[in-house]
There are 2 protein chains.
Amino acid sequence: MTTRDIDDNVRAELDRLRESIDNIDAAVVHMLAERFKCTQQVGHLKAEHQLPPADPAREARQIARLRHLAESAKLDPAFAEKLLNFIIAEVIRHHEQIADQPTPGDPRRPGDPAVR
Amino acid sequence: MTTRDIDDNVRAELDRLRESIDNIDAAVVHMLAERFKCTQQVGHLKAEHQLPPADPAREARQIARLRHLAESAKLDPAFAEKLLNFIIAEVIRHHEQIADQPTPGDPRRPGDPAVR
């Protein structure tokens, strides 16, 4: 086997793995798009009924559950927790934006201190 | 409709949305477990053939592709890019750990300057 053969084999194996990674990333992007559709609905529900954007008890349950799922899938539970916190931070940012939007008939404008 | 009815309806709607979010999170955790299986293989391949752990050209292509996919899925492309960078940082950490491990027959030990 020549060095060139080894290079071609390594390149082919790398390409094969990267194609799988790209397929998984596309799936994750679409799953997260669907997740944000759900959390946007949660945000509107919370804003409409004056519920706070963050919910620490719910988040603690989510983290415990995901760490457990990660362990059984042989994914680092600490990474799963960091990832969920990263996504939740984005969700809370969305919820705050939704809460800042005036509801129909509400004379307050976004940016008024009472709306923030 | 009483206040209690509204509360029950809001609670039921919130529970319904949260069940979907939990299902999606479980799917994402399992997709990412599979993704790390692929990147671990990439890491071993790179370590074996002395390829660098990071690959800026590949990462630039991945980011451009994911931003495009995110746009078509109505997910914030900036969020998709931040998320990919977050995952890639973890992958590079794994690759560096793999590169630090001595290969069979390699007298160097992890921690030796030449191995880092």
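Data overview
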item	result
Within region B:34-50, tally of residues that are part of a helix (DSSP H, G or I), more than 7 Å from chain A (Cβ to nearest Cβ) and of a type in the set (S, T, N, Q)	1
Scan of region B:57-75 for residues that are of a type outside the set (Val, Ile, Thr) and more than 8 Å from chain A (Cβ to nearest Cβ), ordered by number	B:Ala57, B:Glu59, B:Ala60, B:Arg61, B:Ala64, B:Arg67, B:His68, B:Glu71, B:Ser72
Which numbered condition B:Ala54 fails, given (1) part of a helix (DSSP H, G or I); (2) more than 10 Å from chain A (Cβ to nearest Cβ); (3) aliphatic (A, V, I, L, M)	(1)
Which listed residue, of B:Leu69, B:Leu51, B:Leu75, is modelled with pLDDT under 90 and surrounded by 13 or more Cβ atoms within 10 Å (Cβ to Cβ)	B:Leu51
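The values are calculated or read from the model by the stated rules, or taken from the named source; none is laboratory data. What you see is a predicted model; the values in this text were computed from it and never measured. Cβ sites come from the backbone with ideal geometry, for glycine too, and all protein chains shown count toward neighbours.
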